[in-house]
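Comments concern the structure below.
Throughout, read-outs are computed from the coordinates displayed, never taken from laboratory work. On a predicted model such as this, the values are computed, not experimentally measured, just so you know. FYI the Cβ positions are ideal-geometry reconstructions off the backbone, even for glycines, and counts take in every protein chain you see.
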Amino acid sequence: MTTHIVTMGGGGFSMSDNNAPTNLDRYLLELTGRRSPLVCFVPTASADDPTYVRKFLSGYASLGVRTMVLTLWQDAKASLARLPQADLVLVGAGSTVNLLALWRAHGVDRVLAEMMNRDQDLVLGGLSAGAACWYSGCVTDSFGDLRAWPDGLRMLPHSFCPHWDGERGRQPIFTEAIASGMLADGYAADDGAAVHWVNGVFSGAVAEREGARVARFTASDEPGAGGLSIEQLPVELL
């Protein structure tokens, strides 16, 4: 059994022209190893925004896959009961804090953990909030301002910062939080770039556009390091 987790700084169908699927979307589908995988879109972070759902359904309709949507504002029990059928769980952008509060209240986190432990391959992924949620902490604007927040799912024992190049105000907050120990050592990804994990182990970085970057940040007590070590990672262009 293999669990892939692909965390995008940004990109995919919801940030493309006309919501067309991108190479990151196709990469996620290829990881399932299935000809017609069942893709579950999770719009919790956007309050199950119907416009966002329509963008997903429209974008993925051209990919020859089966689709479903996890909804927690309506029919949550029935919707959650269908979640274990998914081959790919794709989590959308929005409020990370609200996303995890609702997941924990409805038991989505427990269902996902059970899915990861079964004898079947699984792909988990998302962008922005849908990427940050898998880590132990992140930089989020869920409270109105940008701040470090150390209360993620911890399925990945690191921290994450999305939109590294798209929202530069996140950069000093993320680096200072790691240097101070508020956040665990972590990763940052530009819009259009992603970090790929296999069974909880770093597998590599990928991007759907040239020049998109992924970096690893580690607290350091080396003289002159300013409390932080930064490593730019090689990125495979999809």
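Amide H contacts for residue 16 (H built 1.01 Å from N in the peptide plane; partners 5 or more residues away or on another chain; cut-off under 5 Å): none found.
All alpha carbon pair distances within the chain were sorted into 10 Å bins beginning at 0; the resulting P(r) in whole percents reads 8, 35, 38, 16, 3, 0. When DSSP beta bridges are restricted to pairs lying wholly in the stretch 3-237, around 45% turn out antiparallel. Using 0.36 nm per residue and subtracting the Cα-Cα separation, the extra length available between residue 30 and residue 151 on full extension is 40.5 nm. When the charge dipole of the chain is built from unit charges on Cβ atoms (+1 for Lys and Arg, -1 for Asp and Glu) and taken about the Cα centre, the candidate among 12, 171, 78 whose Cα reaches farthest toward its positive end is 78.
Rounded is the label for the stretch 44-137, because the ratio a/c of its alpha-carbon gyration tensor axes (a ≥ b ≥ c) stays below 1.5.
Longest span of the chain, sites excluded, free of trypsin sites (Lys or Arg not before Pro) in DSSP loop with at most 11 other C-beta atoms within 10 Å?
36-117
Dipole magnitude for the chain: about 720 debye, using +1 per Lys or Arg Cβ and -1 per Asp or Glu Cβ, origin at the Cα centre. When only Cα pairs below 8 angstrom with a gap of at least 6 residues are kept, the chain shows a relative contact order of 22 percent. For residue 201 and residue 18, the FRET efficiency from 1/(1 + (r/R0)^6), where r spans their Cβ atoms and R0 equals 35 Å, is about 0.45. The Cα center of the stretch 197-232 and the Cα center of the stretch 1-66 differ in position by 25 Å.
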